[in-house]
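Below: one structure, written as structure tokens.
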Amino acid sequence: MDLTAINPILLLASLMVAATPILLAAIGELVVERSGVLNLGVEGMMITGAVCGFIVAVNTGSPWLGFIGAAIGGAILSLVFGLLTQLLLSNQVATGLALTLFGLGLSALMGQGYIGIKAPSFPDWHIPLLGDIPVIGPIIFQHDPMVYVGLIIVGATWTFLKYARAGLILRAVGENHEAAHALGYHVIRVRLLAIMFGGACAGLGGAYLSLVRVPQWTEGMTAGAGWIALAIVVFASWRPGRLLIGAYLFGGVTVLQLNLQAAGVSVPVEYLSMSPYLATIAVLVIMRAGRAPGSLGQSFHASR
Amino acid sequence: MTMKTILAGATLALGMATGAFADGHQTKVGFVYVGPVGDGGWTYEHDQGRLAVEEHFGDAVETVFVESVPEGPDAERVMTQMALGGADLIFTTSFGYMDQTINIAAKFPDVKFEHATGYKQADNVSVYSARFYEGRAVQGHIAGHMTESNIIGYIASFPIPEVIRGINAAYIHAREVNPDVEFKIIWAYTWFDPAKEAEAATVLIEQGADVILQHTDSTAPQAAAQAAGNVVTFGQASDMAEFGPFPRVSSIIDNWAPYYIARTQAVIDGTWESTNTWDGIGPGMVGIGEITDAVPAEVKASAEAMVEALRTGEYHAFTGPINKQDGSAWLADGEVADDGTLAGMNFYVEGLTGDIPQ
């Protein structure tokens with residue numbers, strides 16, 4: 001055992017990177033669920049975003065365009081879910097699961113010609129002045145730009161939900177869609193926009209894997225990250241601030257268990273791997289399910 | 001007679017009927033893959049073997065495959081479906097399909113099964129594997145020479161004999177040329193998870209490793225090493241030549257095609273028997289990818305001499321004196337390991353630190 005081999009600065013820095021894809025996917029899903037829609041297709045939208053982003057980035061040579069392509073790809077796929085559940089009133093759970101399976105297959109098909117190709121590089125930013133601060137600099141201010149984009153999206157979402165009028169409407173639709181409808185708000189439109197935002201964020205999260213973390217395209221590369229994002233939303237009890245903590249917890253455990261192993265610590269990795277899920281269950285028990293948005297998962301039709 | 005047994009009987013009869021039907025016409029060969037065919041590693045090479053079978057036999061043989069089949073009860077469903085679909089020969093290409101293959105083989109006595117890297121045989125179940133550890137020995141030799149930090153990172157998959165053999169073979173030959181070498185081992189508990197593999201490689205690099213060996217199937221660790229800039233890697237299962245000449249300096253290539261063709265021929269001829277095949281560099285089941293110029297010429301020459309000695313059988317990758325991790329003697333001077341011990345290897349050799357997870 002040699003714990004000195006673990007450099008805490010590098011550990012915390014890689015924690016921020018490891019948490020970014022699930023953070024992006026989770027913040028999108030949080031907005032979707034706050035509008036009263038349960039979209040279990042996060043995994044499918046992530047992987048579609050991963051392949052769309054990769055294809056665009058390889059063909060244009062620009063990772064930034066790749067991320068934009070990923071967001072559009074994810075949003076288009078989520079729109080399929082939106083049309084089915086909001087206009088055709090299909091069951092949200094079943095449609096979401098189907099969306100995951102569809103996304104996995106679609107991405108494999110789209111990525112056929114892109115296996116083994118390298119993505120254009122996406123260099124880290126070394127933020128001047130801030131990046132030079134000892135300890136804090138390397139941990140927080142020397143990452144690739146998408147880490148900060150993720151944090152900005154979380155901050156913006158928090159502000160939007162808490163202070164903006166539109167955010168209040170979105171929450172009203174999620175808590176009680178009948179009442180929101182009676183007040184004259186367009187429930188379906190709000191929900192479709194939320195679903196598309198969720199798809200775009202999931203796409204960004206997937207593209208972060210294929211363009212920055214791995215960085216290349218392989219089938220099934222999200223490997224369950226979408227499900228972790230769903231767990232984080234519940235863990236965070238639908239609040240953006242706690243979502244950030246949740247994402248760092250899940251990301252941190254992944255990095256920590258690898259570090260402990262490499263340092264030769266004989267903690268059974270199974271315990272570390274299951275710990276975030278145990279925490280999710282514990283949070284659910286303590287917080288009670290009553291915190292969920294009132295209309296979560298229910299179909300809405302104006303005739304009722 | 002319950003409904004269940006009636007159904008099972010009917011299923012069995014149907015399986016036999018379709019099996020008999022296929023005999024007169026086309027031979028159908030099924031493949032069960034643990035990852036996607038596009039993984040660029042393990043499953044990719046099995047699929048190359050499948051394509052070689054198609055090319056060799058043309059219309060006489062039809063092949064089917066199912067990819068990304070989880071190692072668990074789901075695999076039984078896939079195998080059952082293949083057998084019911086008229087497959088005459090089914091290759092199950094991952095260690096974790098072992099018990100499932102035995103179970104399904106018992107239900108379909110007329111279908112031949114071939115299980116890769118396992119050790120359970122039956123009348124209609126053969127096992128086959130490659131002596132990857134011979135390639136690992138060559139990797140260890142090069143790695144021991146190439147490392148400057150004397151720390152070699154190893155991304156292991158599951159604690160099974162095949163993986164432990166690889167770690168031991170690599171370590172023995174790295175230490176032989178570099179007594180100060182140290183192995184840091186991460187158990188990823190997956191065969192294929194690019195994000196996790198990239199993460200593991202990054203962690204190893206952060207902890208000082210400048211050579212990464214992998215026993216997982218994706219090319220993600222290669223990309224991580226490339227990003228780090230000064231880290232050496234080796235292709236796993238497939239050549240991964242796109243990452244050459246640096247970081248990827250050599251590779252272990254699995255070549256299943258000759259075996260798959262031979263076994264399919266045996267089924268067509270009716271001469272198929274349950275066998276236990278374990279071939280290495282000699283018969284060509286294990287190939288060593290080109291050693292690039294990033295490796296110094298004398299190291300390349302000694303590595304190639306080692307490949308040649310392994311090919312001819314003049315040298316065995318596990319030749320004594322070798323002690324076990326606890327210091328007890330395993331192989332005396334000049335003694336070579338027997339296949340039985342190798343097949344069930346569950347211990348580290350002397351010098352490796354840490355415990356094998358149980």
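The values are calculated or read from the model by the stated rules, or taken from the named source; none is laboratory data. Every value quoted in this text rests on a predicted model; they were computed, and no experiment measured them. Heads up, the Cβs are rebuilt from the backbone with ideal geometry, glycines too, and the neighbour counts pull from every protein chain shown.
Suppose the filter is out of contact with any strand residue (DSSP E or B) (no Cβ under 9 Å at 6 or more places or on another chain), among the charged types (D, E, K, R) and within 14 Å of another protein chain (Cβ to nearest Cβ); does residue A:219 pass it? Outline the logic, then answer.
On the way: out of contact with any strand residue (DSSP E or B) (no Cβ under 9 Å at 6 or more places or on another chain): yes; among the charged types (D, E, K, R): yes; within 14 Å of another protein chain (Cβ to nearest Cβ): yes.
Spelling it out, residue A:219 is indeed out of contact with any strand residue (DSSP E or B) (no Cβ under 9 Å at 6 or more places or on another chain), among the charged types (D, E, K, R) and within 14 Å of another protein chain (Cβ to nearest Cβ).
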Filter the stretch A:238-272 down to the residues that are more than 16 Å from residue B:358 (Cβ to Cβ) and of a type in the set (Ser, Thr, Tyr), then identify the one that is farthest from the other protein chains (Cβ to nearest Cβ). A:248
When residue A:14 is run through (1) away from chain B (no Cβ under 13 Å); (2) closer than 28 Å to residue A:258 by Cα, the failure sits at (1)
Might you let me know whether the stretch A:65-88 holds any residue that is within 14 Å of chain B (Cβ to nearest Cβ), surrounded by fewer than 18 Cβ atoms within 10 Å (Cβ to Cβ) and either under 28 Å from residue B:36 (Cα atoms) or free of Cβ contacts under 8 Å to residues at least 24 places away in the same chain (or both)? no
Would you be able to say whether some residue in the stretch A:49-64 is surrounded by fewer than 24 Cβ atoms within 10 Å (Cβ to Cβ), of a type in the set (Ser, Thr, Tyr) and in contact (Cβ under 8 Å) with a residue 12 or more places away in the chain? yes
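Within the group B:67, B:55, which residue is closer than 17 Å to residue B:115 by Cα and outside the structural domain of residue B:222 (by TED's automatic domain parsing)? Spell out how you get there, then give the answer.
Values: B:55 fails: closer than 17 Å to residue B:115 by Cα.
After ruling out the rest, the residue left standing is B:67.
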Positions within the stretch B:84-110 being of a type outside the set (D, E, K, R) and in a loop (DSSP other than H, G, I, E, B), in sequence order: B:85, B:86, B:87, B:93, B:94, B:108, B:109
With the requirement that a residue be in contact (Cβ under 8 Å) with a residue 24 or more places away in the chain and either among the hydrophobic types (A, V, I, L, M, F, W, C) or closer than 22 Å to residue A:163 by Cβ (or both), what does the stretch A:240-258 give you? A:240, A:241, A:243, A:244, A:247, A:249, A:250, A:255, A:256
Could you tell me which of the residues B:59, B:47 is more than 14 Å from chain A (Cβ to nearest Cβ), at negative phi and outside any strand (DSSP E or B)? B:59
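Quick check on the stretch B:185-220: of everything there that is over 17 Å from residue B:149 (Cα atoms) and more than 10 Å from chain A (Cβ to nearest Cβ), which residue is surrounded by the fewest Cβ atoms within 10 Å (Cβ to Cβ)? Break it down into steps so the answer makes sense when it comes.
First pass over the stretch B:185-220, keeping only residues over 17 Å from residue B:149 (Cα atoms): B:186-200, B:214-220.
Subset that is more than 10 Å from chain A (Cβ to nearest Cβ): B:191, B:214-216.
Working: B:191: 23, B:214: 30, B:215: 26, B:216: 30.
Applying the filter and picking the extreme gives B:191.
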Name the pairs whose Cβ atoms lie under 6 Å apart, with the first residue in the stretch B:320-344 and more than 15 Å from residue B:171 (Cα to Cα), the second β-branched (Val, Ile, Thr), and 6 or more positions between them or separate chains? B:330/B:322; B:331/B:322; B:336/B:319
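I'd like to check something: does the stretch A:241-262 contain any residue that is β-branched (Val, Ile, Thr) and part of a loop (DSSP other than H, G, I, E, B)? Walk me through it before giving the result.
From the stretch A:241-262, those β-branched (Val, Ile, Thr) are A:245, A:253-255; that's our starting set.
Now restrict to residues that are part of a loop (DSSP other than H, G, I, E, B): none.
Within the stretch A:241-262 (the criterion being β-branched (Val, Ile, Thr) and part of a loop (DSSP other than H, G, I, E, B)), the answer is no, since none of the residues qualifies.
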Do you know which residues across the stretch A:102-120 are touching a residue at least 40 places away in the same chain (Cβ under 8 Å) and either within 12 Å of chain B (Cβ to nearest Cβ) or farther than 30 Å from residue B:219 by Cβ (or both)? A:104, A:107, A:108, A:110, A:111, A:114, A:115, A:116, A:117, A:118, A:119
Out of the residues in the stretch B:221-258 meeting the condition of being within 14 Å of the chain's Cα centre (by Cα) and within 14 Å of chain A (Cβ to nearest Cβ), tell me which one is nearest to residue A:123 (Cα to Cα). B:235
